[in-house]
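Student: Take a look at the following structure, please.
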Amino acid sequence: MLPRNPIGRNVSRLRSEKNWSQQDLATQLQCKGVDVSRDMLARVELGIAKASVDFLLGVQKVFCLPIIRFFSKQIQDLDAMYAKPVADQPPAPAKKPRRKNSRRKCQKLTKKRPPI
């Protein structure tokens, strides 16, 4: 079973490693355009509130780390496993060139007229 809120704990750990207070991190996030207060940051770190996408993107910018580093080790391992290229998989087929008729058909379907 996955931990309940690994993101908040990881943010707290990274903040502590830099010897920043919650107010310092909240200020850094606000400078990056994330609307977060110290209270909201404390709620995320404690697991009371969920981290939003904007919060994650801001934390990524502040700590200069990929987003996956804020998730649990189990999710990081799964990400690494699925991100590996498959050696046995054949290459994707080349795309066929588009025909002129398909363009006309698209214009007809969308009721657009060609430019004069």
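The values are calculated or read from the model by the stated rules, or taken from the named source; none is laboratory data. Just so you know, these numbers come straight off a predicted model, no measurement behind them. Virtual Cβ from ideal backbone geometry, glycine too; neighbours counted across all protein chains shown.
Student: Report yes if Asp24 is loosely packed, with under 12 Cβ neighbours inside 10 Å, assigned to a helix (DSSP H, G or I) and over 22 Å from the mean Cα position of the chain (by Cα), otherwise no.
Tutor: no
Student: Within segment 67-84, is even one residue modelled with pLDDT of 90 or more and exposed (fewer than 13 other Cβ atoms within 10 Å of the Cβ)?
Tutor: Taking every residue of segment 67-84 in turn, none turns out to be modelled with pLDDT of 90 or more and exposed (fewer than 13 other Cβ atoms within 10 Å of the Cβ).
Student: Sort out which residues of segment 64-79 are in a helix (DSSP H, G or I), free of Cβ contacts under 8 Å to residues at least 40 places away in the same chain and under 15 Å from the mean Cα position of the chain (by Cα), and write them in order of number.
Tutor: Hits for segment 64-79 are Ile67, Ile68, Gln76, Asp79.
Student: Of all residues being among the β-branched types (Val, Ile, Thr) and crowded, with 16+ Cβ neighbours inside 10 Å in segment 28-51, which is nearest to Arg15 (Cα to Cα)? Just the residue, please.
Tutor: Among those that are among the β-branched types (Val, Ile, Thr) and crowded, with 16+ Cβ neighbours inside 10 Å, it is Val44.
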